[in-house]
């Protein structure tokens, strides 16, 4: 998960997202179900640029961050911090 997030993940205003633009909706829905089961979070699909991405809401950011942050390169940890939590 950490490797996937370092590559295709990013911070949203309040949550996090995984860019899955090249997947079909049914594939993104399957990934959402697997993430929910394995990480005990409530991700959802979100339309983005005419395709679908995975959105992890603010309520689950801390849980996911605590599980993958130790495996994320220090240079990419900024991706785990939603924009509203960043200091100017």
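Angle check, please: helix 58-68 long axis (alpha carbons) against the longest principal axis of the chain (alpha carbons), in degrees 0 to 90, nearest 10.
Compared with the principal axis, the helix lies near 70 degrees.
Can you list, bin by bin at 10 Å, the percent of alpha carbon pairs in region 1-43, starting at 0?
Spelled out per bin, shortest first, that is 26, 61, 13.
Quick one: angle between helix 25-39 and the longest Cα principal axis of the chain, in degrees between 0 and 90, rounded to 10, please.
For helix 25-39, the angle is close to 50 degrees.
With N residues in the chain, what two-decimal value do you get for its Cα radius of gyration over 2.2 N^0.38 Å?
1.02
Each value in this text was obtained by applying a stated rule to the coordinates, not by laboratory testing. Predicted, not measured: the structure shown is a model, and the values here were computed from it.
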